[in-house]
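Shown next, in structure tokens, is the structure this report addresses.
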């Protein structure tokens, strides 16, 4: 399971000026992240605006991403939704070529009970040929995957190997760390608290800001994993303002602004998301200039 230690990046999906998937931009992004030293990539997670892509677009993005990655790092596919039957079918039919795991967010909007969440993930686990990583993000889904439900799933299904936890609830994180199976992975799903989560026992992060600052962020995470928190805190502190800006007007519009400045891809997002305001864009560019040099794309 150490394939998922360190920094994973929830990749944005680049779009061109007409709103179509920009495959050259996607290639640039994959190469810049690998060159930046991240440990693994996540294709079409929620940061990838997956809910705005058609099924045909998703299949093409998944296949092209695997082709460009070409086994250089581990690769995770984001497959989720709030229709359990449909999600399980997508997982079962997924072409696993080049992929190492599935990341699936808890259902949004429906607000299922804990038993409903358990049964949802049970159906996914039984359908999946790949290991499954749970994703708890109550701020976006409207419901929390409790520690008890996480632990129940971890113990009942060997192919459920970890959770991307973005609840920010340290009482919940404490309980998961104390009671989880030894090989079950706790992964930060929230960039600003990755350092304290690793101090608690998390094995890394699935990051948004890593799209733009892969070297800086993954270096900081590796220091955390080595237990050198004094050195890591310098990097953590340097990223506070940048991280705040990335989410000030919604994700991934913020990080796409930084990526445009870096020459990786454009800043187009699909509705209902919109690009950040010109005032915030100017601040993001200035902060990016302080933290990173433009990327050499290839």
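Look through the range 219-234, keep the residues that are within 15 Å of residue 207 (Cα to Cα) and in contact (Cβ under 8 Å) with a residue 40 or more places away in the chain, and return whichever of them is surrounded by the most Cβ atoms within 10 Å (Cβ to Cβ). Restricting to residues being within 15 Å of residue 207 (Cα to Cα) and in contact (Cβ under 8 Å) with a residue 40 or more places away in the chain, the top hit is 221.
All conditions in (1) within 15 Å of the chain's Cα centre (by Cα); (2) part of a helix (DSSP H, G or I); (3) without any contact (Cβ under 8 Å) to a residue 60 or more places away in the chain hold for residue 140, with the sole exception of (3). Considering the range 200-218, the residues that are touching a residue at least 40 places away in the same chain (Cβ under 8 Å) and over 27 Å from residue 285 (Cβ atoms) include one that is farthest from the chain's Cα centre (by Cα), namely 203. From the list 266, 201, 235, 210, the one residue that fits, being modelled with pLDDT of 95 or more, touching a helix residue (DSSP H, G or I) at 6+ places or on another chain (Cβ under 9 Å) and at positive phi, is 201.
A count restricted to the range 185-208 and to residues that are assigned to a helix (DSSP H, G or I), closer than 27 Å to residue 26 by Cα and touching a strand residue (DSSP E or B) at 6+ places or on another chain (Cβ under 9 Å) stands at 2.
Taking the range 170-181 as the range and being surrounded by fewer than 16 Cβ atoms within 10 Å (Cβ to Cβ) and over 13 Å from residue 198 (Cα atoms) as the test, the residues that pass are 171, 178, 179, 181.
Of the residues in the range 251-263, not one is in contact with a strand residue (DSSP E or B) (Cβ under 6 Å, 6 or more places away or on another chain) and either part of a helix (DSSP H, G or I) or at pLDDT 95 or above (or both).
The values are calculated or read from the model by the stated rules, or taken from the named source; none is laboratory data. Computed from a prediction, not measured in an experiment: that's the story for all the values here. Please note: Cβ atoms are built from the backbone with ideal geometry, for glycine as well, and neighbour counts cover all protein chains shown.
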